[in-house]
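S.K.: For reference, the structure I am asking about is given below.
The values are calculated or read from the model by the stated rules, or taken from the named source; none is laboratory data. Predicted model, so just to flag it, every value in this text is computed and none were measured. All Cβ positions, even for glycine, are placed from backbone atoms using ideal geometry, and neighbour counts span all protein chains on display. These accessible areas exclude ligands, DNA and RNA; they are computed on the full protein's heavy atoms, side chains included. Shrake-Rupley method; radii C 1.70, N 1.55, O 1.52, S 1.80 Å.
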Amino acid sequence: MTGANSCPACAAAGEDEEDADSNSVASSYHLKRLFYFAFNLRRNVMHLQTRTIHTGVDKDTAYNSIMTPIYQTSTFRFADIGVTRGYDYTRTSNPTRKALEENIASLEGGAGAIAVATGMAAITTVLHLFRPGDHIICTHDCYGGTDRILRLYQDQFNVQVSYVNLQNPENLETSFRPNTKAMWIETPSNPLLNILDISKLSKAAHARGVLSIVDNTFLSPANQRPFELDADIIVHSTTKYLNGHSDVVGGAVVAKEHSILERLQFLCNALGQGASPFDCWLVLRGIKTLVPRMKLHEENANRVAQFLAGHPAAKRVYYPGLKTHPYHDIALRQQHGFGGMVSFEVAGALPEVNHVLRSVKIFALAESLGGVESLIDHPVSMTHASMNPKLRQEAGITENLIRLSVGLESIEDILDDLNHALDTIAK
Ligand SMILES: Cc1ncc(COP(=O)(O)O)c(C=O)c1O
């Protein structure tokens, strides 16, 4: 039956409903759904740490499994002509993916989310909200991949992009054009960990009818919730802290409003961006430990930043948790934690930088971030190699800059590793 939906759980999920009266199996199915629906409503007001573990995960109405099943199927049997149990084809939607979407949307406090194949898929899907001739203002030290796709949109689709230093919010005012449709920010920025005032910038954007889009990858909702600071869309590479174990690539977009969510869901299906059920399951599992992981990442990163700040071979240290960080006060105000990323400039040139990169043993020389293991990155030759060199220079990403993703190993071993690599330079 596809007519009026008397089951509130099915109605809320936008799903068709079978005729419960004529089918006792369907009837018990709806009873269970109703129970989980009510439970999930309660969960949405629970503390974030509880929601990381519980929200959206009850998809097994057949056996009540505690863990969300991996619905590894491309298609779903129709119950009758025109009647489904809410799913017909996995590109469009899948129960495991939906569990992850509900979970992330709840953590960010949005109307809903889409879970996609990579962080870049998340960014690409958002960019499809815009049309040729639209203008986007982007923070000047955005992630290299964001810069690359924006340039592609500029060249091929006539989307106009201005890269602006938004540390000074007045620069935003002078960058607006009549056709400006979005402001794209990333805070803390990659790799310099500059902090942007999300609330101030979003309010200025809204005054001009411009959307505020925030890449929240570096902090995750455990440490920063941009919707509380007036953002409209949140982008994630779930590859990083949300999953947290460096064993999957994924992305998500969260919308504050239903109207934007519906457009994103349409685009996700039309562009074929959706994440696979298995990857969604991995990310869901990773998220369950997000809060304690983020606490320990921060604890270790703070110790690393303090250590580097006192070491003669480290020239400049970038960590928002340091009182000397130029935007420490904004970080304190808008974040719920300082995160696990630390960048620093080596006192010396490329040979000294290479020495550090080759000497560390616990830190693996690798791109990416946010996993339980410590990683070391040389932005100029690795993550930011594709960035326009002039823009890179202007942003302050120098040849002697190193970025650390501080993991969850014992802090004594982490500090020993860095000490060994840096001491030889200092000597
Ligand atoms: C801030 C930020 N956003 C987006 C991305 C892209 O994510 P993915 O590699 O999952 O496509 C990255 C990747 O490093 C990133 O650091």
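S.K.: What are the pairs with Cβ atoms under 6 angstrom where one residue, in region 406-427, is on the phi < 0 side of the Ramachandran plot and touching a residue at least 60 places away in the same chain (Cβ under 8 Å) and the other, located anywhere, is open to solvent by 40 Å² or more (accessible area, probe 1.4 Å) and part of a helix (DSSP H, G or I)? Sequence gap at least six, or different chains.
M.R.: Partner pairs satisfying both residue conditions: Leu408/Leu296; Ile411/Arg303; Leu415/Phe307; Ile425/Glu352.
S.K.: Tell me which residues, restricted to region 75-118, are hydrophobic (A, V, I, L, M, F, W, C) and within 17 Å of Ala252 (Cβ to Cβ).
M.R.: Ala99, Leu100, Ile104, Ala105, Leu107, Ala111, Ala113, Ile114, Ala115, Val116, Ala117
S.K.: Still on this model: Anything in region 249-263 that is open to solvent by 10 Å² or more (accessible area, probe 1.4 Å) and within 16 Å of the ligand (Cβ to nearest atom)? List them, or say none.
M.R.: Selection gives Val249 alone.
S.K.: Would you mind finding the one in Leu192, Leu267, Leu271, Leu211 that is over 17 Å from the mean Cα position of the chain (by Cα) and modelled with pLDDT under 95?
M.R.: Going through Leu192, Leu267, Leu271, Leu211 in turn, just one is over 17 Å from the mean Cα position of the chain (by Cα) and modelled with pLDDT under 95: Leu192.
S.K.: Here is a further query. Could you tell me which numbered condition Ser381 fails, if it satisfies all but one of (1) open to solvent by 10 Å² or more (accessible area, probe 1.4 Å); (2) farther than 20 Å from Lys295 by Cα; (3) touching a helix residue (DSSP H, G or I) at 6+ places or on another chain (Cβ under 6 Å)?
M.R.: (3)
S.K.: For region 221-332, list the helices (runs of 4 or more DSSP H) that sit wholly inside it and hold at least 2 residues that are free of Cβ contacts under 8 Å to residues at least 24 places away in the same chain; which are they?
M.R.: Qualifying helices (runs of 4 or more DSSP H): 258-271, 290-309.
S.K.: Starting from region 359-378, keep only residues that are under 17 Å from Leu282 (Cβ atoms) and open to solvent by 20 Å² or more (accessible area, probe 1.4 Å), then list their pairs with residues that are at pLDDT below 95 and within 16 Å of the ligand (Cβ to nearest atom) whose Cβ atoms are within a distance under 9 Å, requiring at least 6 positions of separation or different chains.
M.R.: Pairs found: Ser368/Thr383.
S.K.: Could I ask something else about it? Looking at region 315-352, which of its residues are aliphatic (A, V, I, L, M) and surrounded by fewer than 22 Cβ atoms within 10 Å (Cβ to Cβ)?
M.R.: Answer for region 315-352, where residues must be aliphatic (A, V, I, L, M) and surrounded by fewer than 22 Cβ atoms within 10 Å (Cβ to Cβ): Val317, Leu322, Ile330, Leu332, Ala347, Ala349, Leu350.
S.K.: Just for helices (runs of 4 or more DSSP H) wholly inside region 119-218: which have at least 2 residues that are open to solvent by 50 Å² or more (accessible area, probe 1.4 Å) and either within 11 Å of the ligand (Cβ to nearest atom) or in contact with a Lys or Arg (Cβ under 9 Å, 6 or more places away or on another chain) (or both)?
M.R.: Values: elements: 119-127, 144-157, 170-173, 198-207.
In region 119-218, the matching helices (runs of 4 or more DSSP H) lie at 144-157.
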